[in-house]
Structure formats: C-alpha cells, structure tokens
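See below for the structure under consideration.
Any read-out appearing in this document is the output of simple, stated calculations on the displayed coordinates, not a laboratory observation. This is a predicted model, so every value here is computed, not measured. Glycine also receives a Cβ, built like all others from the backbone with ideal geometry; neighbour counts cover every protein chain displayed.
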Amino acid sequence: MPADLNNQITTDNGNPRHIAIIMDGNGRWAQKRLMPRVMGHREGVKTVRKIVEYCAKQQIEVLSLFAFSSENWRRPQAEVNTLMELFMMTLQSEVDKLDENDIRLRIIGDKTAFSDKLQAKIAQAEAQTCNNRGLTLNIAANYGGRWDITEAFRQIAVKIEQGLLQASDINEDLVNRHLSTADLHEPDLFIRSGGEQRVSNFLLWQMAYTEFYFTDALWPEFDEALLSEAIDSFRRRQRRFGHTGEQVIKQS
Ligand code: IPE
Ligand code: IPE
Ligand code: MG
C-alpha cells in the first residue's frame, strides 16, 4: 500500500524519522590535498562519528549510511583492502560507545563476501546492541538496492516452493517484509554529499517517496550544520504521496 497521509511521517519535533546518507567524496577530499584516497576514508570516519552523535541527540529514529556498495569491489584492490580494515577497526573501537549511548547497530548487505573475522565481529556488534532503544544505526556494507530486492524475491520463491506461500500472496507489504530493512520505517530524507546527484544502487525500493537533498560538500567536510540545513530543507517540503497539495493541507 502506498504511504498514507495518516502515517506519522515525522518525529514529534518535525524531524525526519529515518535519514539515509550516501557518504560520498572521501577520495576527492584526499586528492585535493595531495594525499592518498584512503586518507579521505579515514577522515570520513570522523564525520560518521559526528553525524551519528547528532542524530542520536536529535532523536532521529534511524540513520542509514552507505559505507560500501556492491559495486565498490571494482576499485583497486589496495583501496578495497583498506576499506575492509577500516570497517573492522571502526567496529572494534566504536561498538562499546554505541552501546553506552543506547544505539542499535545493524549492518545490511551481503555479508557473506566479508572475511570470517569481519562477519564474526559484525554478528557480535549487532548482538551486543540489539536491545538498545535509541537511534538505530543502519550501515549498508556490500549493499545494493538491486541485491536487496533480488534477495527478497529469492526468499519469497523459496517459501512458494515449500508451499508456505502462493503467488497470489505477493503484494508490496510482503515484499517489504522480505527486504533487509523489513522492520524499519522507510527513509524520509535522503542526503548525498560529494556533488553527484544519483542513487548509485542505494535503497531503491525503500526510497520511492523519500525527499532528496544533495550537497557539494565532500563527506569529510560534512558536519552538523550541513545536516541541520538538510533537515531544515526537509521541514519546508510538502510531502504529497500522490495527493494534491490542498488535500495535504486539509489533513494536517
Ligand atoms: C565514498 O567516497 C566512500 C566509498 C565509496 C567507500 P569515495 O571514495 O567514493 O570518494 P570519491 O567519490 O572518489 O571522491
Ligand atoms: C556510492 O558512492 C557508494 C558509497 C558511498 C558507499 P560511489 O562513489 O561508489 O558511487 P558512484 O560510483 O560515483 O556512483
Ligand atoms: Mg564516490
């Protein structure tokens, strides 16, 4: 069913409930400073820390961050290796802090491609924080929107094969429940840093009615003030979900 006007689409303070961000521009940030691209990734982790803290404080329910796409394996092996190491090190150094701040960590994406050690760390981090009730921090790693939709259909097909479902049971709600974001409210606000204006295979299904915001700031330069600008822009928009503007005003 399409999102309905009766759905609560913002938190009580008018903030988006779910913010999804493509953290782009790390490589260019480093190159501009004549540094290797990986230095940009290291700097980018600092921005992640700031933005997570800010979202937790603003009582955002879900923050989804695109950390590594299913296409990023195409990068030079050395860069991929560094990104994997950085992912592992960041989990090791940050998970206790996330836990102390009541943040629930989730990793979405095809985790089977990661080393056993990284998969074990991810499982441990998710288990450690799974009962937390503050911000849900949803990290997309080896994630692709097409992968997510394909996986959902594979799971549905298996259930049909097993006789648990019939083709006539397939509807949008059923597909939703088989996505990696099944229990999360869909993104209200999508932000991409780094100047590119594309989705790059992020949450394709989930962003059908998301508000888009692009900034030229490279990810290591992105900060609380820029996020606050994006949220202000979101607050000024009228979300219609197919209705007319007049209908929306009447219902609000
Ligand atoms: C985003 O920054 C981080 C990842 C994709 C892992 P980039 O590395 O894509 O930075 P640019 O776009 O090359 O500047
Ligand atoms: C998207 O950024 C993926 C992440 C930020 C993890 P890319 O830099 O990989 O996207 P393209 O290749 O420019 O579309
Ligand atoms: Mg990029």
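At a glance:
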read-out: The range 82-136, Cα convex hull volume normalised per residue, Å³; value: 74
read-out: Extension reserve of the R198-Q31 stretch, reckoned as 0.36 nm per residue once the Cα distance is removed; value: 58.0 nm
read-out: DSSP bridge orientation in the range 1-140 - percent antiparallel, rounded to nearest 5; value: 5
read-out: Dipole-positive endmost among A125, A167, Q155 within the range 109-208 (Cβ charges, Cα centre); value: A125
read-out: Most mobile of E94, E61, E43 in a GNM of the chain (Cα contacts under 10 Å); value: E94
read-out: The range 146-252: GluC sites (Glu not before Pro) falling in loop per DSSP and having at most 14 other Cβ within 10 Å; value: E196
read-out: Two-decimal log10 I(q)/I(0) for the chain, as the Debye equation yields it once each C-alpha is a single scatterer, q = 0.10 Å⁻¹; value: -0.52
read-out: Fraction in percent of alpha-carbon pairs per bin - 5 Å, the range 138-182; value: 5, 22, 30, 22, 11, 6, 3
read-out: Equivalent ellipsoid, the range 21-103 (semi-axes from 5 times Cα gyration tensor eigenvalues, Å); value: 24, 14, 12
read-out: Cross-link reach list, lysines versus K32, counting only Cα pairs under 21 Å and skipping chain neighbours closer than eight places; value: K46
read-out: Surface/4 of the Cα convex hull for the range 193-247, nm²; value: 4.7
read-out: Share antiparallel - DSSP beta bridges, the chain, percent rounded to 5; value: 5
read-out: Amide H contacts of M23 (H built 1.01 Å from N, under 5 Å, at least 5 apart or other chain); value: F66
read-out: P(r), alpha carbons of the range 1-139 - 5 Å bins starting at zero, rounded %; value: 2, 9, 17, 20, 19, 14, 10, 6, 2, 1, 0
read-out: Computed helical MRE - 222 nm, the chain, DSSP H runs ≥ 4 contributing -39500 (n - 2.57), nearest 500; value: -13500 deg cm²/dmol
read-out: Dimensionless Rg ratio for the range 108-207, taking C-alpha atoms and the 2.2 N^0.38 Å reference; value: 1.23
read-out: Positive-end extreme of charge dipole, the range 16-151 - chosen from N81, L105, V38 (charges on Cβ); value: V38
read-out: Cα-centre dipole for the chain with unit charges at Cβ (Lys and Arg positive, Asp and Glu negative), debye to 20; value: 520
